[in-house]
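Just so it is clear, none of the values below were taken in a lab; they were calculated from the coordinates. Computed from a predicted model, the values in this text were never measured in an experiment. No Cβ is skipped: glycine too gets one built from the backbone with ideal geometry, and neighbour counts run over all protein chains shown.
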C-alpha cells in the first residue's frame, strides 16, 4: 500500500534522536509509551541485511522454540533505538507478547517494567488472564520480599514488625528488591507457557541505553548481569528472548573489560552491529526507501539530489 507523500512531512520534522522510555514510564504511563513508539515504528525504514535478522528473530522464537539473547549496537544517530522499536512493533504484529525498549537502573526496575507491561497488555486484551498471570509473577516477588524480611529478623527485629516495615516500604516505592538475573530468566520460563495458553506466540523483552544502567550501578555489575543472562540462556529451550541496545562506546568498553561477555552473546548469533550493516550509501538508500514507500520515485531527485 502506498502512503500519501504528505505523510513524509512527519519524518522531515521529527526529532532524529528518539527518547528511550525508562522503567518508571513503562510502569506509570504505558499508553503514552505505546503511542510514542508506535509513531516511530510506522516510519522506520529497514536497510542493509536487517531483514535477515528480523527473520532470524522469529525463526528462533517461533519455529525453533529457542531462548536467546541478542544485542544491537551502533553510533549515536545511526538508528539503534529506532530498530529496537521496529522489532518490538513486528513482534506485536505477530502476536508475540513484547515489552518495548526501556532503560533500567536496577534489576528490580527491570522486573517491574516487564511485569507492569505484561499486565497492561493483558488488561487491554484479556483481562480475565490478569489474576492467573499475577499468581506466577507474585511468586518471584514474594521470594525477594522474604529475603529482605529475613535479613531484618537476623538484625534483631521481630518477624511481624519486619514484614510490616518491608511491605510499607514496597508500597511507598522506596524499596528496591535484590534480584538475580537467573530469577528473571526463570520468570520468563514460567510466564511464556502461560502466555501461549491464552494465544500469544512467545515473549520478547527489549532494553536500550545500557550505558545508563552502567552509570547508575557500575560497569562490573552490569557486565556481570549480561554474562549471567547470556550464560543462563545458552542452550535453553523456550519461546522467549531478550534484545539489548547499547552504543558503540559501551560495546568497546565491554570488549576491553569483559570480552567473555561478548563471546557469550555472540554464541546466540543475534548480534546486530549497525556500523557494519549500514555503509557510506546509507543516506542514499534511505531516501530511495522513502521514495518507494511514499510513492514519489519520479520526484525524489528533484526534492533532494543524491
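Taking only C-alpha pairs under 8 Å that are 6+ residues apart, what is the relative contact order of region 5-303 in percent? Reported as a whole number, the value is 32 percent. Sorting the segments 220-230, 121-131, 107-117 by their mean number of nearby beta carbons within 10 angstrom, highest to lowest, gives 107-117, 220-230, 121-131.
Were the residues from residue 237 through residue 157 laid out at 0.36 nm apart, the gain over their Cα-Cα distance would be 24.5 nm. Report the FRET efficiency, 1/(1 + (r/R0)^6), for residue 273 and residue 55, where r is their Cβ-Cβ distance and R0 is 25 Å, rounded to 0.05. After rounding to 0.05, the efficiency reads 0.90.
In terms of its alpha-carbon gyration tensor, region 5-303 comes out prolate; a/c meets the 1.5 threshold, and the first ratio a/b outweighs b/c. Here r is the Cβ-Cβ distance between residue 75 and residue 301 and R0 is 22 Å; the resulting FRET efficiency, rounded to 0.05, is 0.20. Extension gain, residue 31 to residue 19, is 2.8 nm, computed as 0.36 nm per intervening residue step minus the present C-alpha separation.
For region 130-198, the pair-distance distribution built from all alpha carbon pairs, in bins 10 Å wide starting at 0, is 18, 42, 28, 10, 1 percent. Taking the Cα of residue 132, stepping 7 Å toward and past its beta carbon, and measuring to each backbone N in region 185-223: which are under 16 Å? Taking a point 7 Å out along Cα→Cβ of residue 132, the residues of region 185-223 whose backbone N falls under 16 Å are 190-202. For a modelled paramagnetic label at residue 196, 7 Å from Cα along Cα-to-Cβ, the residues of region 55-96 in reach, with backbone nitrogen under 20 Å, are 56-70, 91-96. Take each peptide in 134-147, 70-83, count the other Cβ atoms within 10 Å of every residue, and average; sorted highest first, the result is 70-83, 134-147.
Residue separation of residue 165 and residue 255 scaled by 0.36 nm, minus their Cα-Cα distance, works out to 28.1 nm of gained length. In region 66-138 the Cα-Cα distances spread across 5 Å bins starting at 0 as 3, 13, 18, 24, 21, 14, 4, 3, 1 percent of all pairs.
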